Amino acid sequence: MTTEPKIALVTGAGSGIGKASALALARNGWSVVLAGRRPEPLEAVAAEIAEMGRRALAAPTDVGDPEAVRALFVKTRETFGRLDFVFNNAGRGAPPVPLEDLTYEQWKSVVDANLTGVFLCTQEAFRIMKDQTPRGGRIVNNGSISAHAPRPNSAPYTSTKHAVTGLTKSASLDGRKYDIAVGQIDIGNAHTEMTERMTKGVPQANGTTMVEPTMDVRNVADAIVYMAQMPLDANVQFITVMATKMPFVGRG
């Protein structure tokens, strides 16, 4: 007897952690909806998945736009008929300037992508997962080490990642009655385009600048696959995957 592949949706899937996670899910038998702002990278990832013999749907989406998110999930249901897993990965940061010099527009752009986008995608996922047969599904939110401790000049990013933790807890509670499991992955210094600056030196809490260790992004992708494939009566509520020697645990 053959088993139908499960359906995953990954936001921010055109590069970095999102791309690595989408490809890892596909290698493990999932069909994947690829959401992100730029069409060309999404199409490239979809082509890689197609070469594996898996199905992929590239769906350019601004996760901070309610209508765009609604259309993304409608298209997902129309294409695949159900949704089993969502990785709310899309996010952005603001320029690392002093808090008093941030503009409202810079603040709002981070909140829209990192927090409002997670809420909108979670809300639409709930609407599908609670009504499908078999019922339920799993959602994993991308938190960050910043969900626990800030970097200098990171108020918008750190604030949204702390808020994502609250949203994860609330959604985990509210999803129980629908067999929806919600968890969070907090990632530290995965080597991607976004963390390339770590290799050149980044500001520390004591005012110095230091090169920080990074880790292969595949470690994050492997953790996402592990979380995605758990049975719905078990949940990884929070998991931290980080470069072992990064300056997080301890005083700086």
Go through the residues of segment 161-182 one by one and say whether even a single one is in contact with a Leu (Cβ under 6 Å, 6 or more places away or on another chain), farther than 30 Å from G81 by Cα, modelled with pLDDT of 95 or more and buried (at least 19 other Cβ atoms within 10 Å of the Cβ). no
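Do the conditions hold for A59, that is, is it surrounded by fewer than 24 Cβ atoms within 10 Å (Cβ to Cβ), at pLDDT 95 or above and not polar (S, T, N, Q)? Lay out the reasoning, then the answer.
On the way: surrounded by fewer than 24 Cβ atoms within 10 Å (Cβ to Cβ): yes; at pLDDT 95 or above: yes; not polar (S, T, N, Q): yes.
It is true that A59 is surrounded by fewer than 24 Cβ atoms within 10 Å (Cβ to Cβ), at pLDDT 95 or above and not polar (S, T, N, Q).
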Close pairs from segment 231-252: first touching a residue at least 24 places away in the same chain (Cβ under 8 Å) and on the phi < 0 side of the Ramachandran plot, partner among the polar types (S, T, N, Q) and surrounded by fewer than 17 Cβ atoms within 10 Å (Cβ to Cβ), Cβ under 8 Å, at least 6 apart: V241/N219; P247/Q204; G252/Q204; G252/N206
Out of all the residues in segment 11-28, is one or more surrounded by fewer than 20 Cβ atoms within 10 Å (Cβ to Cβ), under 19 Å from A125 (Cβ atoms) and more than 14 Å from the chain's Cα centre (by Cα)? no
Residues that are farther than 23 Å from T76 by Cβ and crowded, with 21+ Cβ neighbours inside 10 Å, drawn from segment 102-141: V110
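Let's see how each residue does on (1) of a type in the set (A, V, I, L, M, F, W, C); (2) surrounded by 17 or more Cβ atoms within 10 Å (Cβ to Cβ); (3) closer than 16 Å to L120 by Cα:
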residue	(1), (2), (3)
V32	yes, yes, no
G36	no, yes, yes
A46	yes, yes, no
A50	yes, no, no
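Conditions (1) in contact (Cβ under 8 Å) with a residue 24 or more places away in the chain; (2) loosely packed, with under 15 Cβ neighbours inside 10 Å, marked per residue:
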position	(1), (2)
T192	yes, no
T199	no, yes
A205	yes, yes
M210	yes, yes
A228	yes, no
Qualifying positions in segment 143-158 - surrounded by fewer than 22 Cβ atoms within 10 Å (Cβ to Cβ), touching a residue at least 24 places away in the same chain (Cβ under 8 Å) and outside any helix (DSSP H, G or I): H148, A149, R151, P152, N153, S154
Looking only at segment 127-171, count how many residues are on the phi < 0 side of the Ramachandran plot, among the polar types (S, T, N, Q) and more than 16 Å from the chain's Cα centre (by Cα). 5
Taking segment 65-101 and keeping only residues that are modelled with pLDDT under 95 and either surrounded by 14 or more Cβ atoms within 10 Å (Cβ to Cβ) or of a type outside the set (A, V, I, L, M, F, W, C) (or both), one is left with G91, R92, G93, A94, P95, P96, P98
Residue by residue through segment 199-237, note down the ones that are out of contact with any Gly (no Cβ under 8 Å at 6 or more places or on another chain), closer than 30 Å to L173 by Cβ and not in a loop (DSSP other than H, G, I, E, B). N219, V220, A221, D222, A223, I224, V225, Y226, A228
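Residue by residue, here is whether (1) closer than 25 Å to A20 by Cβ; (2) touching a His at 6+ places or on another chain (Cβ under 8 Å) holds:
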residue: T103; (1), (2): no, no
residue: F119; (1), (2): yes, no
residue: G137; (1), (2): yes, no
residue: A147; (1), (2): yes, yes
residue: P150; (1), (2): no, no
residue: T165; (1), (2): yes, no
residue: L173; (1), (2): no, no
residue: Y178; (1), (2): no, no
(1) crowded, with 19+ Cβ neighbours inside 10 Å; (2) within 15 Å of the chain's Cα centre (by Cα); (3) part of a helix (DSSP H, G or I): which one isn't true of D186, the others all being true? (3)
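The values are calculated or read from the model by the stated rules, or taken from the named source; none is laboratory data. What you see is a predicted model; the values in this text were computed from it and never measured. Quick reminder, even Gly has a Cβ in these numbers, built from the backbone with ideal geometry, and neighbours come from all protein chains shown.
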